[in-house]
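Participant: Quick one: structure below, then a few questions.
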């Protein structure tokens, strides 16, 4: 008899989830939009900016090539699926480890989503801009390419020059300092926060 009740309870639970799936999804979305959750996310995002800037600075210092995509509103599931899933906390040492030339993950892009390193070794679409400076190479072309198709912010570190650049909204900004990169990321965060609160 207890076996029957145990199985009925499992069936009831599964049935409840299936029946109320749209409502549960709406509830989770609502919770994600509450002020408290936004405040927690904001705090983590600032920490992520600090770790990313520190990691990128070390990449430039060591002349390690790097390609980091920070997702905003446009999901890039198909891009993420081309790489290796990590779901790891963002940290400067991890960024440097991933892009170390001896690492099996160093080729391709790191995707940061929901304040986590979602995946590494991801393949990005190349820019089709006919005016693209070919001397910049494939890393810059790929970084620019994904911003032509999405609202992502992409950081590029040149292996040859040890310089930091970034791409956003289909435009490439070359040879920026760590402080300039931080300012751009903070401005982007502020813009996103303002849009969400409007």
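Participant: Distance from the Cα centre of segment 65-94 to that of segment 126-188, in angstrom?
Facilitator: Centre-to-centre (Cα) distance: 16 Å.
Participant: Going by how many other Cβ atoms sit within 10 Å of their own, how do 182, 139, 102 line up, fewest first?
Facilitator: Details: 182 18, 139 22, 102 6.
In increasing order of surrounding Cβ atoms, one gets 102, 182, 139.
Participant: For 168, 153, what's the fewest-to-most ordering of other Cβ within 10 Å of each Cβ? Please list the in-between numbers first.
Facilitator: Values: 168 19, 153 22.
Lowest to highest Cβ neighbour count: 168, 153.
Participant: A further question on this structure: Got a sec? How would 62, 106 order by Cβ neighbour count within 10 Å, fewest to most? The partial results should precede the final answer.
Facilitator: Details: 62 15, 106 19.
Neighbour counts put them in this order, fewest first: 62, 106.
Participant: Over the Cα atoms of segment 32-168, what is the Rg over Rh ratio if Rh follows Kirkwood? Numbers along the way, then the final one.
Facilitator: Numbers: Rg = 14.5 Å, Rh = 15.0 Å.
Using Cα coordinates only, the ratio equals 0.97.
Participant: Here's another thing I want to ask about it. With the crude spin-label approximation of a point 7 Å out along Cα→Cβ, what separation in nm comes out for residue 47 versus residue 191?
Facilitator: Those two pseudo-labels are separated by 2.6 nm.
Read-outs throughout are calculated quantities, based only on the coordinates presented, and are distinct from any laboratory measurement. Note that this is a predicted model, so its numbers are computed, not measured. No Cβ is skipped: glycine too gets one built from the backbone with ideal geometry, and neighbour counts run over all protein chains shown.
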